[in-house]
Amino acid sequence: MKVVLQNLTKAFPNRNKKIKEDFIAVNDFTFTVPDGKLIGLLGPSGCGKSTTLYMISGLQKPTAGKIYFGDDDVTELSTENRGIGLVFQNYALYPHMTVKQNILFPLQNLKGADKLSKQEMLERATEVAKLVQIEELMDRKPSEMSGGQQQRVAIARALVKMPRVLLLDEPLSNLDARLRLQTREEIRRIQRETGITTIFVTHDQEEAMSISDMIVVMKQGVIQQTGKPQNVYDDPTNLFVAKFLGTPPINVFEGKVSGGKLYLGDDCVLDVGGVDDKDVWVGIRPEGFIVSNNGPLVCNLSSVEVMGRDSSIVSTHSASANPVIRSIVDSDLSVSSSDKTVRYALKPHKVFIFNKETEERIYFTNPALTNKTKTGE
Ligand code: ATP
């Protein structure tokens with residue numbers, strides 16, 4: 001079931017009574033979730049992710065815009081009639097009920113043509129319990145289970161009504177690091193097995209990147225970029241997206257373009273054809289540095305952390321916008337901690353430049369960039 005979100009906007013009365021204008025939590029959000037895909041809705045706290053999800057679920061009514069499930073306009077439909085499964089951060093299980101009773105609960109409320117016999121309900125509950133691998137825990141109470149197990153019950157309860165669309169709001173936030181990893185892989189598996197179109201809200205870029213078919217990056221209610229996680233990482237449209245994706249984060253510098261060359265301070269670091277002379281922001285991914293004895297970027301070495309196959313080199317540079325620069329390089333290219341400086345050449349496809357005012361990407365040409373021929377702003 002594809003989900004079409006057309007010019008969705010949500011305005012709330014401003015919490016500051018002195019300000020007359022509404023607060024726009026979601027602004028002209030247009031996106032189509034393809035049938036059977038898992039989409040990660042991603043952005044910092046307060047960017048409007050949950051509000052978007054609540055509009056899709058029917059818990060919030062859009063101020064403007066339309067929502068379609070397939071060809072059905074569901075904008076005015078109540079939550080109960082949308083055919084959705086919802087999973088929240090705080091599993092929201094009934095504490096006095098067993099797992100089995102929790103999963104059966106949504107089925108017991110079905111009415112009319114949807115009403116099921118006791119036998120059918122049990123069969124469905126057993127089927128989803130198997131899918132989320134909790135069939136052995138059916139007689140336990142929520143308090144007798146781990147957070148990860150409780151979240152699986154919540155997912156089973158959302159799936160038992162065979163929803164057209166599954167909506168997950170920060171479902172892993174209450175789990176510890178190990179369980180988060182395990183549960184996110186489980187969610188991916190369950191989504192693949194069921195083929196249910198799924199929208200997953202998170203502020204954790206790593207989580208979204210690791211399980212989503214596509215991500216939607218939001219800032220202040222506005223979509224910044226959509227696409228396959230790797231494509232968005234490799235080709236960010238603005239400085240915000242470049243900074244939001246990636247661990248360790250991208251290194252940001254104040255730079256200058258002059259005569260088709262990019263300068264960081266006095267270091268002339270890269271050919272950037274097709275760009276007018278101007279001050280720019282420069283983003284360099286940690287894996288974009290090559291340790292090189294006569295590399296053009298000269299940094300003051302702070303420390304070297306060997307992490308097995310790779311080393312993380314911490315250094316500083318006068319043009320860096322961050323206190324330190326973090327590069328990830330091959331451990332073989334060892335740099336001695338006692339060195340005063342480290343010199344780098346740069347991989348052109350890991351270097352992005354952005355307009356200093358608008359922070360929008362400026363594309364450049366470089367002899368080493370065979371596929372990137374976009375030029376100008
Ligand atoms: P988080 O990750 O912290 O949950 P989010 O991206 O999901 O954040 P939303 O919960 O969608 O953000 O909120 C978006 C903005 O709308 C926030 O600034 C929030 O304060 C505001 N907001 C949400 N609900 C209301 C409301 N009922 N009235 C007024 N403002 C609201």
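Solvent-accessible area per residue for the chain at a 1.4 Å probe radius, Å²?
Value returned for the chain: 48 Å² of accessible area per residue.
Seen from all sides and averaged, what is the projected area of the convex hull of the Cα atoms in segment 61-193, in nm²?
Hull-based average projected area comes out at 9.3 nm².
Round to the nearest 10 and give me the degree value, 0 to 90, for the angle of helix 99-108's Cα axis relative to the longest principal axis of the chain.
70
Once each part is reduced to its C-alpha centroid, what is the distance from segment 277-320 to segment 201-260 in angstrom?
A separation of 20 Å, based on Cα centres.
Quote the Stokes-Einstein diffusion coefficient, in whole µm² s⁻¹, for the chain, based on the Kirkwood radius over alpha carbon pairs, a temperature of 20 °C and a viscosity of 1.002 mPa s.
Rounded, D is 92 µm²/s.
Let me spell out the model: positive unit charges on the Cβ of Lys and Arg, negative unit charges on the Cβ of Asp and Glu, origin at the Cα centre of the chain. What dipole size does that give, in debye rounded to 20?
Dipole about the Cα centre, nearest 20: 840 debye.
On a straight-distance basis, which aspartates and glutamates could pair with K61 in a cross-link, Cα separation under 12 angstrom, same-chain partners fewer than 8 positions away excluded?
E76
Can you pull the Kirkwood radius for segment 303-362, inverse mean 1/r over Cα pairs, to one decimal in Å?
When all Cα pairs of segment 303-362 are included, the Kirkwood radius is 13.4 Å.
Can you give me the angle between helix 118-131 and the longest principal axis of the chain, using Cα atoms only, in degrees from 0 to 90, rounded to the nearest 10?
With rounding to tens, the tilt is 20 degrees.
Can you list the equivalent-ellipsoid semi-axes of segment 156-241, largest first and in whole Å, using the square root of 5 times each Cα gyration tensor eigenvalue?
24, 15, 12
Quick check on segment 34-76: what does the Kirkwood estimate of hydrodynamic radius come out to from the alpha carbon pairs, in Å?
11.7
Of G221, Y233, G288, which is farthest along the charge dipole of segment 173-289 in the positive direction, counting Lys and Arg as +1 and Asp and Glu as -1 at C-beta?
It is G221.
Restricting things to alpha carbons, tell me how big segment 69-119 is in terms of Rg and Dmax, in Å.
13.9, 40
Any lysines with Cα under 20 Å of the K261 Cα? List them, leaving off those in the same chain fewer than 8 positions away.
Cα-Cα hits under 20 Å: K278, K347, K350, K356, K372, K374.
What residues qualify as long-range amide H neighbours of K261, i.e. H under 5 Å apart, gap of 5 or more or another chain, H built at 1.01 Å from N?
Close amide H contacts, sequence-distant or interchain: V272.
What are the ³J(HN,Hα) couplings of segment 201-213, residue after residue, when phi is run through the Karplus curve with 6.51, -1.76, 1.60 and θ = phi - 60°? Round to Hz, x for glycine and proline.
Per-residue couplings from phi come out as 9, 7, 9, 9, 5, 5, 4, 5, 5, 6, 10, 8, 6 Hz.
Between R189 and S312, how many nm apart are label points set 7 Å from Cα along the C-beta direction?
Placing both labels 7 Å along Cα→Cβ, they lie 3.0 nm apart.
Report the full-extension gain for the segment T63 to N174: residue separation times 0.36 nm, less the Cα-Cα distance, to one decimal in nm.
36.8 nm
Can you list residues whose amide H is under 5 Å from S311's amide H, if they're 5+ apart or on another chain and H is modeled 1.01 Å from N?
V329, D330, S331
Quick check: convex hull of the Cα atoms in segment 226-306, volume per residue, rounded to a whole Å³?
128
Helix 147-159 versus the longest principal axis of the chain: what is the Cα-based angle in degrees, 0 to 90, to the nearest 10?
The helix 147-159 is inclined about 60 degrees to the chain.
For the ranges 250-262, 302-314, 219-231, what's the packing order if you count other beta-carbon atoms within 10 Å of each residue, average per peptide, and put the highest first?
250-262, 219-231, 302-314
What does the charge count around A64 come to, taking other residues whose C-beta lies under 10 Å from its C-beta (Lys +1, Arg +1, Asp -1, Glu -1)?
With Lys, Arg at +1 and Asp, Glu at -1, the net is +1.
Report the one residue of L86, Q119, V335 whose Cα lies farthest in the direction of the positive end of the charge dipole of the chain (charges on C-beta: Lys and Arg +1, Asp and Glu -1; origin at the Cα centre).
Towards the positive end, the residue furthest out is Q119.
Report the gain in length on full extension from L181 to M162: 0.36 nm times residue separation, minus Cα-Cα distance, nm rounded to one decimal.
4.3 nm
The values are calculated or read from the model by the stated rules, or taken from the named source; none is laboratory data. Given the structure is predicted, the values throughout are model-derived calculations rather than measurements. A quick note on method: Cβ atoms are made from the backbone with ideal geometry, for glycine too, and the neighbour counts reach across all protein chains shown. Heads up: the accessible areas ignore ligands, DNA and RNA and are worked out on the full protein's heavy atoms, side chains in. Shrake-Rupley method; radii C 1.70, N 1.55, O 1.52, S 1.80 Å.
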